[in-house]
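> Handing you a structure now.
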Amino acid sequence: EEANLLVIDVRDAADIAQTGAVPGAANISYGALTYMADNEAPESWRDPRLADRARPIVTTCILGPLGALGGKLLRDMGFTNVQILEGGVQAWIEAGLPVSGKG
């Protein structure tokens, strides 16, 4: 557990409402991630949590594939410390871990 760790769930908010998310995860959909993490986008579009390219980040979705794409996108944009939650939120739930944002 790193103090500066940012978990990003790249699903749409409606999908997260159905299953929940890792507690404390930021909901930045894959489509929004393409500009919110882009240093060349207008500042008002960017997410300040994504300013530090060395910040530890874990990307996720429900099963993993979209989270993997989000992780690849961030790496391609110069982020150096990106991991993917293997098995996604479904694996998290199956491990008996809590979720937030469901309902």
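> Could you list, ordered by first residue, the pairs with Cβ atoms under 7 Å in which the first is in region 81-103 and farther than 15 Å from Gly70 by Cβ and the second is in a helix (DSSP H, G or I) and of a type in the set (Gly, Ala, Ser), at least 6 apart or interchain?
What qualifies is Gly101/Ala17; Lys102/Ala17; Gly103/Ala17.
> Okay, moving on. When region 54-78 is examined, which residues are found to be among the hydrophobic types (A, V, I, L, M, F, W, C), closer than 13 Å to Leu6 by Cα, outside any strand (DSSP E or B) and within 13 Å of the chain's Cα centre (by Cα)?
Leu74, the sole residue that qualifies.
> For the condition modelled with pLDDT of 95 or more, among the aliphatic types (A, V, I, L, M) and surrounded by fewer than 16 Cβ atoms within 10 Å (Cβ to Cβ), what is the one hit in Ala51, Ala25, Ala21, Ala3?
Ala51
> Return yes or no: is Gly31 without any contact (Cβ under 8 Å) to a residue 12 or more places away in the chain, of a type outside the set (Ser, Thr, Tyr) and either out of contact with any strand residue (DSSP E or B) (no Cβ under 7 Å at 6 or more places or on another chain) or crowded, with 16+ Cβ neighbours inside 10 Å (or both)?
Answer is yes for this residue.
The values are calculated or read from the model by the stated rules, or taken from the named source; none is laboratory data. Since the model is a prediction, treat every value here as computed from it, not as a measurement. No Cβ is skipped: glycine too gets one built from the backbone with ideal geometry, and neighbour counts run over all protein chains shown.
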